[in-house]
Amino acid sequence: MRIALLAGGTGGAKLAAGMQELVGSELAVIANTADDTWVHGLHVSPDPDLITYWLAGEIDEERGWGIRGDTFTVNERIERLGAPGWFQLSDRDLATCLYRTHFRAEGGTLTAAQGQIAQALGVPAAVLPMCEERVETMILTPGGWVGLQEYLIVGRSEPPIEGVEVRGLDAAAPTAEVRDALAGAEVIVVGPSNPVISIGPILSVPGMRDAIAASGAPVLAVSPFVAGRAVKGPTEKFMTSIGRPATAAGAASLYVGVIEAMIVDADDPDPGPDDLPLASCPTLMDGADGRRALAERVLEFARALG
């Protein structure tokens, strides 16, 4: 079964890992790039790299980001020399960003760079940046506009959110690889990622919603809320900031016109959306068995929809 999965952040990456176990190279992950940034002159692509490291089995699961067992020797020396050290890149993660930056400087695309990174790390699935154009999520705080990474890391997600804006979308478009993945998909899944800052930018790329609709495949979402709460990160805060409830129904309200069904957590105390077919099951994805079990349930539900 050919699967297209929209993802960004840990929840979507974990589901991608579970799905890759089931379908291998038939999986295409369409990754958010609106939180890409530049660090020490290098192009850092946090969501595509996080997804790739999960798929490669290299992720530091305890930290939730970066490469397991990696060191920070270069980052520590750069900071000692006087460069800002708030965005920490471990040594092997730094190598990924060096490769991407030089690949693109020599005329390569972001998609091809990510494809080579994934292939070199032994990843069967395709990891596809949502677009080639530079887009950037900005957060309005009482102190002014800041980039998403600065808000999450320097601000520790603490300042009140007065606005969220994805800049550069007017010049963006889904890549040919993304369009092909959607057109050929037998199932399209919206992963359990932050609906505002991870899935929102993907769906906001001009032409993306049309490409999903044109595929004709069943489209379902997995709620990002487990037992009524976000597992990690400021998902609830971002939902509240845009005036939506931090619930499965709230997430579904952002996907109107895209999804036709949703999977919600079995322990979620909040009612799911009342206008969609629902399936209920454990969605925590605790360990490899939990990731695979949720992936199996998603595909089972998708077959029933088809």
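Couple of notes before you dig in:
- Each residue of the stretch 82-87 was assigned a 3J(HN,Hα) from its phi angle through the Karplus curve 6.51 cos²θ - 1.76 cosθ + 1.60 (θ = phi - 60°); the sequence is x, 7, x, x, 5, 9 Hz, with glycine and proline shown as x.
- Comparing Leu182, Leu50, Leu94 in a Gaussian network model of the chain where C-alpha atoms under 10 Å apart are linked, the largest mean-square fluctuation is found at Leu94.
- Modelled label positions at Arg209 and Asp286, each set 7 Å beyond Cα in the direction of Cβ, lie 3.8 nm from each other.
- FRET efficiency for Asp170 and Glu150, using Cβ-Cβ distance with R0 set to 25 Å, rounded to 0.05: 0.60
- Amide H contacts for Ile3 (H built 1.01 Å from N in the peptide plane; partners 5 or more residues away or on another chain; cut-off under 5 Å): Leu27, Ala28, Glu186.
- Over the residues of the chain, the helix contribution to mean residue ellipticity at 222 nm works out to -11000 deg cm²/dmol, using -39500 (n - 2.57) for each DSSP H run of at least 4.
- Cα→Cβ-extended label distance, 7 Å offset, between Leu42 and Ala227, nm: 3.7
- Taking Gly191, Gly243, Gly207 as the candidate residues, the one with maximal mean-square fluctuation in a Gaussian network model of the chain, Cα springs under 10 Å, is Gly243.
- Label-point separation, Ser157 to Arg303 (7 Å along Cα→Cβ), nm: 3.6
- At q = 0.09, 0.13, 0.16 Å⁻¹, base-10 log of I(q)/I(0) for the chain (Debye sum, equal scatterers on each alpha carbon): -0.41, -0.89, -1.40
- 3J(HN,Hα) along the stretch 198-204: 10, 7, x, x, 4, 5, 8 Hz, from the Karplus curve 6.51 cos²θ - 1.76 cosθ + 1.60 with θ = phi - 60°, whole Hz, x for Gly and Pro.
- Other residues lying with their Cβ under 14 Å from the Cβ of Met138 contribute a combined charge of -4, Lys and Arg counting +1, Asp and Glu -1.
- Choice from Ala213, Ala83, Ala16 with maximal GNM fluctuation in the chain (Cα, 10 Å cutoff): Ala83
- About the Cα centre, charge dipole magnitude for the chain (Lys/Arg +1, Asp/Glu -1 at Cβ), debye: 240
- Taking other residues whose beta carbon is less than 12 angstrom from the beta carbon of Val258, and scoring Lys, Arg as +1 and Asp, Glu as -1, yields -1.
- Alpha carbon convex hull of the stretch 20-128, volume per residue in cubic angstrom: 101
- For Arg167, nonlocal amide neighbours, meaning residues 5 or more places apart or on other chains whose placed amide H falls under 5 Å from its own, are Glu136, Thr137, Met138.
Only the coordinates and a few stated rules stand behind these numbers; no lab work does. Owing to the predicted nature of the structure, the values given are computational and were not obtained by experimental measurement. A quick note on method: Cβ atoms are made from the backbone with ideal geometry, for glycine too, and the neighbour counts reach across all protein chains shown.
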